[in-house]
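Reviewing the structure listed below.
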Amino acid sequence: MRTTGVMIGIAFAFAACSGDSDDGSSANPEPDARVDGSTPTDAALSIDSAPPIDAPVQSYRFQCSAPAPAGAPLPPAPPSYSGGTCPTLVPGLNTITSNGETRQFLLVLPTTTLAPGEQLPVLFLWYWIAGTATSFLQKGDVQAAADEQHFIGVIPVDKGATVLGTSFDTRWPFDITQSPGRMTEEIEFFDDMLSCVSAQQPVNASCVSSIGVSAGALFTDQLVQARSQYLASFVSLSGGVGATIIKPWTGAQRKLPALVLWGGDGPPAQDGVKDILGCAGIGMDFSVASRELEAGLVEDGHFLVECRHNCGHVEPPLEAQQGSTKYGSMWSFALDHPYWLPAGTSPYQTQGLPDGMPSWCAIGAGSSVPRMGDGCPEAENPCTN
């Protein structure tokens, strides 16, 4: 296990791996690198300007706090807001117009003091079938986490997504019956939220991440394929792709570090009950869908951390570490993976998983040792609660 501090020296090593030549050009640029014509911040350091080995090395709690190395890929500017002029955003519930419709989201801002010039990562948080933006805010202890870890939380409010031929509302569109138009509508809702938040808050554009739970994870796993040019990482908590009724993995423009978590495969794997869900006669096996997601990520060369517990389809059995919140390790994954990392890499490959990451997580598909034992959260009916 590594300490929580992240050294800027790591950035130098990554820059070297990315193939920067002596003239500052990149031998392996990302497809969308510098599409907005921007240049690295003056604070960014090149390999040639790295301090001597005995010089003090600045450390950062999260990799997202470190400056991007010279020549590293940077995200394009967010798309223009489809509603014209963004309304003034406030902490709490906000209303915008997206694709001509009224949509809402919760905005969570740190209440603790920011450092001068500090830019904040943005975490988009998508809730489960029976959830609400408020329940995610409360169960995820998002305000306390934003205060402690310094990020902006954006919790969208769904407009509903009914499975064709049924009355079953999955909240977010992700199943094979959802039309391309419905998918585009929800993806452009993400665009509009990102545009308005970026225009009014001190956003670190290199650290925008999408994190979903259950139905929200199933949508996140579709969103990242469509918007990898803006996203730096993603976290899928009991989500996935394929598994017969979910849209498949078809690839992403960029390689995105991913954390894939689910709640057991069941016998004969002997790692607890299966992570399954059945609502309105529609069954869903998240262990199958999560493994299909991993297969797509591996084939395409994405870095991933796998986490498996033995509690089935319940709230993940995470434990708060001293000085952090219950989901602090999940938020930390996003904060440790900025956009400018060379494709397919992670600081965890050299530093190991950070302190506070569950012992039942490991780097790579099929690598985790499932959690065993008691202490699982109480099961709820996710279709009605």
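Every read-out reported here was derived from the displayed coordinates using simple, explicitly stated rules and does not represent laboratory data. Nothing here was measured: the structure is a model prediction, and the numbers come from that model. Virtual Cβ from ideal backbone geometry, glycine too; neighbours counted across all protein chains shown.
Worth a mention:
- For Ser228, the amide hydrogen comes within under 5 Å of the amide hydrogens of Gln253, Arg254, counting only partners 5 or more places away or on other chains and with H modelled in the peptide plane.
- Exposure proxy for Ser332, Ser167, Ser210, Ser324: other Cβ atoms within 10 Å of each Cβ, ordered fewest to most, give Ser167, Ser324, Ser332, Ser210.
- Gyration tensor verdict on region 163-284 (Cα atoms; rounded if a/c is under 1.5, prolate if a/b is larger than b/c, oblate otherwise): oblate
- Separation of alpha-carbon centers, region 94-130 and region 153-180, rounded to whole Å: 20
- Fully extended contour minus Cα-Cα distance, from Val298 to Thr162, at 0.36 nm per residue: 45.8 nm
- Applied to region 314-322, the Karplus parametrisation 6.51 cos²θ - 1.76 cosθ + 1.60 on θ = phi - 60° returns per-residue 3J(HN,Hα) values of 9, 4, x, x, 7, 10, 5, 8, 4 Hz, with x for Gly and Pro.
- Chain lengthening between Thr85 and Ile282 when straightened (0.36 nm per residue, less Cα-Cα): 66.8 nm
- Two-site label geometry, Gln322 and Ile363: point separation in nm, points 7 Å out along Cα→Cβ: 2.7
- Look at Leu335, Leu318 and count the other Cβ atoms within 10 Å of each Cβ; fewest to most, that gives Leu318, Leu335.
- Listed by chain and number, the lysines whose C-alpha is less than 22 Å from the C-alpha of Lys326, apart from same-chain residues fewer than 8 away, are Lys139.
- The lysines within cross-link reach of Lys247, meaning a Cα-to-Cα straight distance under 27 Å and a gap of 8 or more places when in the same chain, are Lys159, Lys255, Lys274.
- Additional length obtainable on full extension of the chain from Leu93 to Ala269, 0.36 nm per residue less Cα span: 59.0 nm
- DSSP bridge orientation in region 84-363 - percent antiparallel, rounded to nearest 5: 45
- In terms of other Cβ atoms within 10 Å, Lys139, Lys255 run from fewest to most in the order Lys139, Lys255.
- For region 213-235 versus region 246-263, the gap between their alpha-carbon centres in whole angstrom: 7
- Region 116-203: C-alpha gyration tensor shape, a/c 1.5 cut-off, then a/b vs b/c: oblate
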